[in-house]
Amino acid sequence: MLGKAKLLKVYLGESERYKNKPLYQYLVHWLKEKGIGGVTVNRGIEGYGADKVLHTARFLELSSDLPMILEIVDVAEKIDPLIQEICAMVPKGLVFSTDIEVYKHGK
Amino acid sequence: MLGKAKLLKVYLGESERYKNKPLYQYLVHWLKEKGIGGVTVNRGIEGYGADKVLHTARFLELSSDLPMILEIVDVAEKIDPLIQEICAMVPKGLVFSTDIEVYKHGK
Amino acid sequence: MLGKAKLLKVYLGESERYKNKPLYQYLVHWLKEKGIGGVTVNRGIEGYGADKVLHTARFLELSSDLPMILEIVDVAEKIDPLIQEICAMVPKGLVFSTDIEVYKHGK
(Lines give C-alpha, C1' and ligand atoms only; values in the text may rest on other atoms or scores of the structure.)
Protein backbone atom coordinates (compact mmCIF):
# COMPACT_ATOMS: atom_id res chain seq x y z
CA MET A 1 0.00 0.00 0.00
CA LEU A 2 2.77 2.47 -0.84
CA GLY A 3 2.38 5.29 -3.36
CA LYS A 4 -0.99 6.65 -4.48
CA ALA A 5 -3.83 5.78 -2.12
CA LYS A 6 -7.05 7.14 -0.69
CA LEU A 7 -8.17 8.58 2.64
CA LEU A 8 -11.91 8.10 3.16
CA LYS A 9 -13.45 10.12 5.98
CA VAL A 10 -16.81 9.22 7.50
CA TYR A 11 -18.61 11.51 9.98
CA LEU A 12 -21.53 10.12 11.99
CA GLY A 13 -23.22 10.54 15.38
CA GLU A 14 -21.97 8.69 18.45
CA SER A 15 -25.51 7.49 19.26
CA GLU A 16 -26.25 6.01 15.84
CA ARG A 17 -26.65 2.25 15.91
CA TYR A 18 -26.52 -0.54 13.34
CA LYS A 19 -27.42 -4.19 13.95
CA ASN A 20 -27.57 -3.66 17.73
CA LYS A 21 -24.11 -2.05 17.91
CA PRO A 22 -22.84 1.51 17.90
CA LEU A 23 -22.52 2.27 14.19
CA TYR A 24 -18.90 3.44 14.41
CA GLN A 25 -17.87 0.20 16.13
CA TYR A 26 -19.77 -1.84 13.56
CA LEU A 27 -18.01 0.01 10.75
CA VAL A 28 -14.52 -0.53 12.20
CA HIS A 29 -15.12 -4.28 12.48
CA TRP A 30 -16.73 -4.44 9.05
CA LEU A 31 -13.79 -2.63 7.42
CA LYS A 32 -11.33 -4.88 9.22
CA GLU A 33 -13.13 -7.96 7.91
CA LYS A 34 -13.03 -6.49 4.40
CA GLY A 35 -9.25 -6.31 4.78
CA ILE A 36 -8.99 -2.51 4.68
CA GLY A 37 -5.44 -1.41 5.57
CA GLY A 38 -6.05 0.97 8.47
CA VAL A 39 -8.88 2.70 10.34
CA THR A 40 -8.81 5.30 13.13
CA VAL A 41 -11.73 6.78 15.07
CA ASN A 42 -11.80 10.22 16.72
CA ARG A 43 -14.53 11.75 18.85
CA GLY A 44 -15.15 15.43 18.15
CA ILE A 45 -16.12 17.86 20.91
CA GLU A 46 -18.61 19.83 18.84
CA GLY A 47 -20.14 19.92 15.40
CA TYR A 48 -23.14 19.90 13.10
CA GLY A 49 -23.98 18.16 9.86
CA ALA A 50 -26.59 18.16 7.11
CA ASP A 51 -29.49 18.52 9.57
CA LYS A 52 -27.88 21.66 11.07
CA VAL A 53 -28.35 20.39 14.65
CA LEU A 54 -25.40 21.40 16.85
CA HIS A 55 -23.93 18.70 19.08
CA THR A 56 -21.49 19.82 21.75
CA ALA A 57 -19.63 18.45 24.75
CA ARG A 58 -20.36 21.72 26.57
CA PHE A 59 -23.89 20.77 27.65
CA LEU A 60 -24.53 17.39 29.15
CA GLU A 61 -27.89 16.94 27.43
CA LEU A 62 -26.41 17.49 23.96
CA SER A 63 -23.22 15.55 24.51
CA SER A 64 -24.54 12.03 24.06
CA ASP A 65 -24.37 12.35 20.28
CA LEU A 66 -20.97 13.87 19.59
CA PRO A 67 -19.47 13.62 16.10
CA MET A 68 -17.39 10.52 15.43
CA ILE A 69 -14.84 10.74 12.64
CA LEU A 70 -13.47 7.63 10.93
CA GLU A 71 -10.31 7.84 8.87
CA ILE A 72 -10.01 4.89 6.49
CA VAL A 73 -6.86 4.37 4.45
CA ASP A 74 -6.14 2.01 1.57
CA VAL A 75 -5.62 1.98 -2.19
CA ALA A 76 -8.57 3.15 -4.31
CA GLU A 77 -9.15 -0.39 -5.62
CA LYS A 78 -9.89 -1.54 -2.06
CA ILE A 79 -11.86 1.55 -0.93
CA ASP A 80 -14.02 2.35 -3.97
CA PRO A 81 -16.04 -0.89 -4.04
CA LEU A 82 -17.15 -0.23 -0.42
CA ILE A 83 -18.24 3.40 -0.71
CA GLN A 84 -21.84 2.76 -1.79
CA GLU A 85 -22.40 0.34 1.09
CA ILE A 86 -20.78 2.69 3.63
CA CYS A 87 -23.00 5.57 2.45
CA ALA A 88 -26.07 3.37 2.93
CA MET A 89 -24.97 2.61 6.51
CA VAL A 90 -24.64 6.31 7.47
CA PRO A 91 -27.96 7.86 6.37
CA LYS A 92 -27.32 11.13 8.23
CA GLY A 93 -23.55 11.15 7.83
CA LEU A 94 -20.90 12.78 5.68
CA VAL A 95 -18.59 10.67 3.52
CA PHE A 96 -15.74 12.05 1.42
CA SER A 97 -12.32 11.08 0.14
CA THR A 98 -9.05 12.74 -0.70
CA ASP A 99 -6.02 11.49 -2.59
CA ILE A 100 -2.93 10.70 -0.54
CA GLU A 101 0.63 9.53 -1.05
CA VAL A 102 1.58 6.71 1.33
CA TYR A 103 5.23 6.45 2.42
CA LYS A 104 4.94 3.82 5.12
CA HIS A 105 2.35 1.27 6.30
CA GLY A 106 3.75 -1.09 8.91
CA LYS A 107 6.80 -3.20 8.25
CA MET B 1 -23.08 18.96 -2.07
CA LEU B 2 -21.99 15.77 -3.86
CA GLY B 3 -18.94 15.52 -6.09
CA LYS B 4 -16.03 17.98 -5.94
CA ALA B 5 -15.91 19.99 -2.72
CA LYS B 6 -13.49 21.51 -0.23
CA LEU B 7 -12.27 20.67 3.26
CA LEU B 8 -11.09 23.78 5.10
CA LYS B 9 -9.10 23.18 8.26
CA VAL B 10 -8.61 25.86 10.89
CA TYR B 11 -6.19 25.45 13.83
CA LEU B 12 -6.42 27.85 16.77
CA GLY B 13 -5.86 27.97 20.53
CA GLU B 14 -8.55 26.87 22.97
CA SER B 15 -8.14 30.06 25.00
CA GLU B 16 -8.53 32.48 22.09
CA ARG B 17 -11.66 34.61 22.33
CA TYR B 18 -13.74 36.66 19.91
CA LYS B 19 -16.62 38.96 20.83
CA ASN B 20 -16.71 37.62 24.41
CA LYS B 21 -16.92 33.97 23.34
CA PRO B 22 -14.36 31.21 22.83
CA LEU B 23 -13.23 31.74 19.23
CA TYR B 24 -13.88 28.17 18.13
CA GLN B 25 -17.47 28.35 19.41
CA TYR B 26 -17.98 31.70 17.71
CA LEU B 27 -16.68 30.26 14.43
CA VAL B 28 -18.96 27.20 14.55
CA HIS B 29 -22.03 29.40 15.05
CA TRP B 30 -20.89 31.89 12.44
CA LEU B 31 -20.34 29.13 9.84
CA LYS B 32 -23.73 27.63 10.67
CA GLU B 33 -25.40 31.00 10.11
CA LYS B 34 -23.57 31.33 6.80
CA GLY B 35 -25.20 28.04 5.78
CA ILE B 36 -21.96 26.03 5.56
CA GLY B 37 -22.74 22.31 5.12
CA GLY B 38 -20.86 20.74 8.02
CA VAL B 39 -18.38 21.63 10.76
CA THR B 40 -16.60 19.43 13.32
CA VAL B 41 -14.28 20.49 16.17
CA ASN B 42 -11.51 18.37 17.70
CA ARG B 43 -9.27 19.20 20.66
CA GLY B 44 -5.68 18.12 20.19
CA ILE B 45 -3.56 16.89 23.09
CA GLU B 46 -0.35 18.63 22.03
CA GLY B 47 0.97 20.92 19.35
CA TYR B 48 2.68 24.12 18.29
CA GLY B 49 2.09 26.69 15.57
CA ALA B 50 3.73 29.67 13.95
CA ASP B 51 4.94 31.10 17.27
CA LYS B 52 6.72 27.79 18.06
CA VAL B 53 5.22 27.64 21.59
CA LEU B 54 4.42 24.07 22.57
CA HIS B 55 1.01 23.45 24.15
CA THR B 56 0.46 20.07 25.76
CA ALA B 57 -2.10 18.26 27.91
CA ARG B 58 0.81 16.70 29.85
CA PHE B 59 1.42 19.70 32.11
CA LEU B 60 -1.49 21.41 33.78
CA GLU B 61 -0.07 24.90 33.36
CA LEU B 62 0.31 24.50 29.58
CA SER B 63 -2.94 22.65 28.99
CA SER B 64 -5.32 25.59 29.10
CA ASP B 65 -4.56 26.48 25.50
CA LEU B 66 -4.64 23.19 23.62
CA PRO B 67 -4.95 23.21 19.83
CA MET B 68 -8.51 23.21 18.49
CA ILE B 69 -9.01 21.89 14.97
CA LEU B 70 -12.08 22.82 12.92
CA GLU B 71 -12.99 20.79 9.84
CA ILE B 72 -15.30 22.73 7.56
CA VAL B 73 -16.86 21.04 4.52
CA ASP B 74 -18.77 22.52 1.59
CA VAL B 75 -18.40 23.29 -2.09
CA ALA B 76 -15.70 25.81 -3.04
CA GLU B 77 -18.33 28.41 -4.02
CA LYS B 78 -19.58 28.43 -0.42
CA ILE B 79 -16.18 28.19 1.31
CA ASP B 80 -14.00 30.53 -0.77
CA PRO B 81 -15.91 33.78 -0.06
CA LEU B 82 -15.43 33.20 3.71
CA ILE B 83 -11.70 32.44 3.80
CA GLN B 84 -10.46 36.01 4.07
CA GLU B 85 -12.82 36.75 6.98
CA ILE B 86 -11.89 33.49 8.76
CA CYS B 87 -8.18 34.28 8.42
CA ALA B 88 -8.79 37.70 10.00
CA MET B 89 -10.55 36.03 12.95
CA VAL B 90 -7.61 33.67 13.70
CA PRO B 91 -4.56 35.99 13.83
CA LYS B 92 -2.31 33.30 15.34
CA GLY B 93 -3.91 30.33 13.61
CA LEU B 94 -3.33 28.08 10.63
CA VAL B 95 -5.87 27.89 7.80
CA PHE B 96 -5.61 25.57 4.82
CA SER B 97 -7.79 23.65 2.40
CA THR B 98 -7.66 20.43 0.43
CA ASP B 99 -9.82 19.16 -2.42
CA ILE B 100 -12.25 16.38 -1.59
CA GLU B 101 -14.81 14.20 -3.36
CA VAL B 102 -18.09 14.03 -1.43
CA TYR B 103 -20.16 10.82 -1.71
CA LYS B 104 -22.78 11.48 0.93
CA HIS B 105 -24.03 14.45 2.97
CA GLY B 106 -27.16 13.59 4.93
CA LYS B 107 -30.30 12.32 3.21
CA MET C 1 4.32 29.32 4.12
CA LEU C 2 1.34 30.56 2.09
CA GLY C 3 0.11 28.89 -1.08
CA LYS C 4 0.94 25.28 -2.00
CA ALA C 5 2.10 23.19 0.94
CA LYS C 6 1.95 19.69 2.37
CA LEU C 7 0.08 18.01 5.22
CA LEU C 8 1.97 14.95 6.47
CA LYS C 9 0.00 12.61 8.72
CA VAL C 10 1.71 10.09 10.98
CA TYR C 11 -0.22 7.38 12.86
CA LEU C 12 1.51 5.48 15.65
CA GLY C 13 0.74 3.77 18.98
CA GLU C 14 0.58 5.72 22.22
CA SER C 15 2.87 3.20 23.95
CA GLU C 16 5.64 3.28 21.34
CA ARG C 17 8.86 4.74 22.67
CA TYR C 18 11.99 6.20 21.14
CA LYS C 19 15.17 7.17 23.00
CA ASN C 20 13.47 6.77 26.38
CA LYS C 21 10.52 9.02 25.49
CA PRO C 22 7.04 8.42 24.13
CA LEU C 23 7.58 8.36 20.36
CA TYR C 24 4.92 10.99 19.60
CA GLN C 25 6.51 13.42 22.08
CA TYR C 26 9.93 12.75 20.64
CA LEU C 27 8.63 13.43 17.13
CA VAL C 28 6.97 16.73 18.10
CA HIS C 29 10.20 18.00 19.64
CA TRP C 30 12.29 16.71 16.76
CA LEU C 31 10.05 18.41 14.18
CA LYS C 32 10.14 21.64 16.17
CA GLU C 33 13.95 21.55 16.22
CA LYS C 34 13.95 20.96 12.47
CA GLY C 35 11.98 24.19 12.12
CA ILE C 36 8.79 22.59 10.79
CA GLY C 37 5.95 25.16 10.70
CA GLY C 38 3.24 23.45 12.73
CA VAL C 39 2.45 20.13 14.39
CA THR C 40 -0.70 18.93 16.16
CA VAL C 41 -1.28 15.63 17.98
CA ASN C 42 -4.66 13.90 18.42
CA ARG C 43 -5.42 10.75 20.39
CA GLY C 44 -7.92 8.46 18.67
CA ILE C 45 -10.44 6.41 20.64
CA GLU C 46 -10.18 3.28 18.49
CA GLY C 47 -8.35 1.94 15.48
CA TYR C 48 -6.14 -0.64 13.85
CA GLY C 49 -3.18 -0.54 11.51
CA ALA C 50 -1.03 -2.80 9.38
CA ASP C 51 -0.88 -5.53 12.04
CA LYS C 52 -4.70 -5.64 12.17
CA VAL C 53 -4.74 -5.47 16.00
CA LEU C 54 -7.69 -3.40 17.23
CA HIS C 55 -6.94 -0.83 19.94
CA THR C 56 -9.90 0.74 21.68
CA ALA C 57 -10.70 3.02 24.61
CA ARG C 58 -13.69 0.77 25.38
CA PHE C 59 -11.71 -1.91 27.23
CA LEU C 60 -9.16 -0.91 29.82
CA GLU C 61 -6.69 -3.61 28.87
CA LEU C 62 -6.61 -2.50 25.23
CA SER C 63 -6.64 1.22 25.88
CA SER C 64 -3.02 1.72 26.81
CA ASP C 65 -1.99 1.81 23.16
CA LEU C 66 -4.52 4.08 21.47
CA PRO C 67 -3.74 5.53 18.04
CA MET C 68 -1.90 8.87 18.07
CA ILE C 69 -2.26 11.03 14.97
CA LEU C 70 0.29 13.74 14.14
CA GLU C 71 -0.57 16.44 11.61
CA ILE C 72 2.56 18.11 10.29
CA VAL C 73 2.28 21.17 8.03
CA ASP C 74 4.91 22.95 5.98
CA VAL C 75 6.04 23.44 2.40
CA ALA C 76 7.18 20.32 0.51
CA GLU C 77 10.80 21.54 0.51
CA LYS C 78 10.80 21.40 4.32
CA ILE C 79 8.76 18.18 4.72
CA ASP C 80 10.17 15.93 1.99
CA PRO C 81 13.77 15.72 3.31
CA LEU C 82 12.42 14.40 6.66
CA ILE C 83 10.05 11.69 5.40
CA GLN C 84 12.59 8.88 5.20
CA GLU C 85 13.80 9.51 8.75
CA ILE C 86 10.24 9.77 10.10
CA CYS C 87 9.32 6.45 8.44
CA ALA C 88 12.33 4.82 10.10
CA MET C 89 11.17 6.10 13.51
CA VAL C 90 7.67 4.60 13.18
CA PRO C 91 8.28 0.96 12.19
CA LYS C 92 4.66 -0.06 12.81
CA GLY C 93 3.04 3.23 11.80
CA LEU C 94 1.31 4.80 8.83
CA VAL C 95 2.76 7.86 7.10
CA PHE C 96 1.11 9.69 4.23
CA SER C 97 0.82 13.18 2.77
CA THR C 98 -1.74 15.24 0.92
CA ASP C 99 -1.41 18.53 -0.95
CA ILE C 100 -2.88 21.58 0.71
CA GLU C 101 -3.35 25.27 0.01
CA VAL C 102 -2.34 27.44 2.97
CA TYR C 103 -4.17 30.77 3.48
CA LYS C 104 -2.83 31.74 6.90
CA HIS C 105 -0.01 30.71 9.21
CA GLY C 106 0.32 33.04 12.17
CA LYS C 107 0.93 36.74 11.72
Next on the checklist: Angle check, please: helix B:23-33 long axis (alpha carbons) against the longest principal axis of chain B (alpha carbons), in degrees 0 to 90, nearest 10.
Outcome noted: 10
Checklist entry - At C:GLU33, with labels set 7 Å past Cα in the Cβ direction, how many nm apart are the copies from this one, shortest first? => result 4.7, 4.7
Checklist outcome for this item: Everything considered on the Cα gyration tensor (a ≥ b ≥ c; rounded for a/c under 1.5, else prolate if a/b is larger than b/c, else oblate), chain B must be described as prolate
Checklist entry - Round to a whole number: what % of the accessible area of chain A belongs to carbon and sulfur, probe 1.4 Å? => result 52
Item to check | For the protein assembly as shown, alpha-carbon Rg over 2.2 N^0.38 Å | outcome: 0.92
Next on the checklist: Using helices alone, I'd like the mean residue ellipticity at 222 nm for chain C: each DSSP H run of four-plus residues gives -39500 (n - 2.57), total over residue count, nearest 500.
Outcome noted: -7500 deg cm²/dmol
Checklist outcome for this item: Note: A:87-93 gets an average of partner chain Cβ contacts (10 Å, Cβ to Cβ) equal to 3
Checklist entry - Counting partner chain Cβ atoms within 10 Å of every residue's Cβ in B:73-79, what's the average? => result 1
Item to check | Most fluctuating residue given options A:ALA50, A:ALA88, A:ALA76, as computed from a GNM of chain A linking Cα atoms under 10 Å | outcome: A:ALA50
Next on the checklist: For the interface of A with C, what's the total buried accessible surface in square angstrom, probe 1.4 angstrom, rounded to the nearest hundred?
Outcome noted: 2400
Checklist entry - Can you give the accessible area per residue of segment A:50-107, in Å², using a 1.4 Å probe? => result 47
Checklist entry - Angle, helix B:76-89 long axis vs. longest principal axis of chain B, Cα atoms, 0 to 90°, nearest 10? => result 20
Checklist outcome for this item: Computed about the Cα centre, the charge dipole of the protein assembly as shown from +1 Lys/Arg and -1 Asp/Glu charges at the Cβ has a magnitude in debye, to the nearest 20, of 240
Checklist entry - Which whole-number percent is the relative contact order of chain B (Cα, under 8 Å, 6+ apart)? => result 46
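The values are calculated or read from the model by the stated rules, or taken from the named source; none is laboratory data. None of the values given here were measured: they were computed from a predicted structure. Note: ideal-geometry Cβ built from the backbone for every residue, glycine included; neighbour counts use all protein chains shown. The protein model used for the area step is the full one, side chains on, heavy atoms only, and it has no ligands, DNA or RNA in it. Shrake-Rupley method; radii C 1.70, N 1.55, O 1.52, S 1.80 Å.
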